[in-house]
Amino acid sequence: MNTDNKLKLPTKEFIDLFKETPGAFSVCESIALMNICAQVIPGNYIEAGSNAGKSGMSAAHGLPKGKFYMIDPIYDLTNLEAWEHTIQGHPDNLPWGYAAAKGFKDKVKERILFASGKKVEPVLLGSYSEKEIPLHGDYTYAFIDSDNHQMERVLAEINLLNPLMKSGAIIAFHDFGNQYISPREVHAQMISTGEWENISINWKEIFDYVRENNLEEGNNSWHEKGSEEFPKFVGALRRK
């Protein structure tokens, strides 16, 4: 757990692999998430909406030793029950061709192991969040990035996670503050209960570092960043 205020920064090798990995996650968001995860207490970790592992390797870079459950239907193209819970509805409508390539899951695992220095054990689950969240015990870290961020999906995930998150546990959200509304609204609702507190992110320091080193160059992102210089759509809170 990182107890000082010094920004945790990625190595060149991490950045190179990160940029090679498909997915809508900026370098700025990656640095933010690895610093959030440097505050996580050891335990079990879970991520809903893992795709090719871009956010997962960012989290793993900061996480302490533990088991990391990564949920995404693309890890099992035969699990029609899981695909019924997606906006695609069926694996025939898969928008990511790389997910059908031989060795895709092995590459995702390799990214997590590399990013964590083999401290974090990735467990890839070709399923959907509402089914998997209750099955793996308590958690000290969760990341919410499922499907198209429908309010009903985000609320279902949070309602399942809430009793499973220990004191001091962290929940992070992607697509927080961009064109999607539900992650920010749910974050605010959780803080209003008095049981959760916001985790601040030093975006200025992150932006300065990324700009100075030109780190977003070559990192293809699908974000609509609006007036922002770089995508910064990560938010997080901690259980009191």
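The values are calculated or read from the model by the stated rules, or taken from the named source; none is laboratory data. No experiment lies behind these values; they were computed from the predicted model shown. Note: ideal-geometry Cβ built from the backbone for every residue, glycine included; neighbour counts use all protein chains shown.
Within the stretch 168-188, the only residue that satisfies the criterion of being at pLDDT 95 or above and hydroxyl-bearing (S, T, Y) is S182. S146: at pLDDT 95 or above, on the phi < 0 side of the Ramachandran plot, assigned to a loop (DSSP other than H, G, I, E, B) and small (G, A, S), yes or no? So S146 fails the test. N162 - would you say it is outside any strand (DSSP E or B), within 23 Å of P183 (Cβ to Cβ) and within 15 Å of the chain's Cα centre (by Cα)? Taking the combined requirement at face value, the residue does not satisfy it.
Please indicate, with yes or no, whether at least one residue in the stretch 41-58 is part of a loop (DSSP other than H, G, I, E, B), of a type in the set (A, V, I, L, M) and at pLDDT 95 or above. Taking every residue of the stretch 41-58 in turn, at least one turns out to be part of a loop (DSSP other than H, G, I, E, B), of a type in the set (A, V, I, L, M) and at pLDDT 95 or above. Conditions: (1) under 14 Å from the mean Cα position of the chain (by Cα); (2) farther than 13 Å from I144 by Cβ. S50 meets all but one. Number of the miss? If we test S50 against (1) under 14 Å from the mean Cα position of the chain (by Cα); (2) farther than 13 Å from I144 by Cβ, just (2) comes out false. Any residue at all in the stretch 89-104 that's under 22 Å from A156 (Cα atoms) and free of Cβ contacts under 8 Å to residues at least 24 places away in the same chain? Yes, some residue in the stretch 89-104 is under 22 Å from A156 (Cα atoms) and free of Cβ contacts under 8 Å to residues at least 24 places away in the same chain. State whether one or more residues within the stretch 136-148 are out of contact with any strand residue (DSSP E or B) (no Cβ under 6 Å at 6 or more places or on another chain) and either among the hydroxyl-bearing types (S, T, Y) or surrounded by 22 or more Cβ atoms within 10 Å (Cβ to Cβ) (or both). For the stretch 136-148, residues out of contact with any strand residue (DSSP E or B) (no Cβ under 6 Å at 6 or more places or on another chain) and either among the hydroxyl-bearing types (S, T, Y) or surrounded by 22 or more Cβ atoms within 10 Å (Cβ to Cβ) (or both): absent.
Collect the residues in the stretch 151-162 that are over 14 Å from L237 (Cβ atoms) and either surrounded by fewer than 21 Cβ atoms within 10 Å (Cβ to Cβ) or touching a Leu at 6+ places or on another chain (Cβ under 7 Å) (or both), keeping them in residue-number order. Hits for the stretch 151-162 are M151, E152, L155, A156, N159, L160. Being surrounded by fewer than 17 Cβ atoms within 10 Å (Cβ to Cβ), in contact with a strand residue (DSSP E or B) (Cβ under 7 Å, 6 or more places away or on another chain), at negative phi and not hydrophobic (A, V, I, L, M, F, W, C) holds for only one residue in E212, E197, and it is E197.
Only one of the numbered conditions (1) surrounded by fewer than 24 Cβ atoms within 10 Å (Cβ to Cβ); (2) touching a Leu at 6+ places or on another chain (Cβ under 8 Å); (3) in contact (Cβ under 8 Å) with a residue 60 or more places away in the chain is violated by M165, and that is (2).
Looking across the stretch 11-57 at every residue that is in contact with a Ser or Thr (Cβ under 8 Å, 6 or more places away or on another chain) and among the acidic types (D, E), the one that is surrounded by the most Cβ atoms within 10 Å (Cβ to Cβ) is identified as E47.
Once the stretch 9-40 is narrowed to residues that are over 17 Å from the mean Cα position of the chain (by Cα) and part of a loop (DSSP other than H, G, I, E, B), the residue that is nearest to Y139 (Cα to Cα) is L9.
Of all residues in the stretch 34-71, exactly one satisfies the criterion of being farther than 24 Å from L7 by Cα and either among the charged types (D, E, K, R) or free of Cβ contacts under 8 Å to residues at least 12 places away in the same chain (or both), namely K67. Only one entry in L77, L9, L17, L63 is within 18 Å of F173 (Cβ to Cβ), at pLDDT 95 or above and not β-branched (V, I, T), namely L63. If the condition is being aliphatic (A, V, I, L, M), part of a helix (DSSP H, G or I) and closer than 19 Å to K19 by Cβ, then the stretch 100-136 contributes V108, I112, L113, A115.
Only one of the numbered conditions (1) surrounded by 19 or more Cβ atoms within 10 Å (Cβ to Cβ); (2) over 16 Å from the mean Cα position of the chain (by Cα) is not met by V120, and that is (2).
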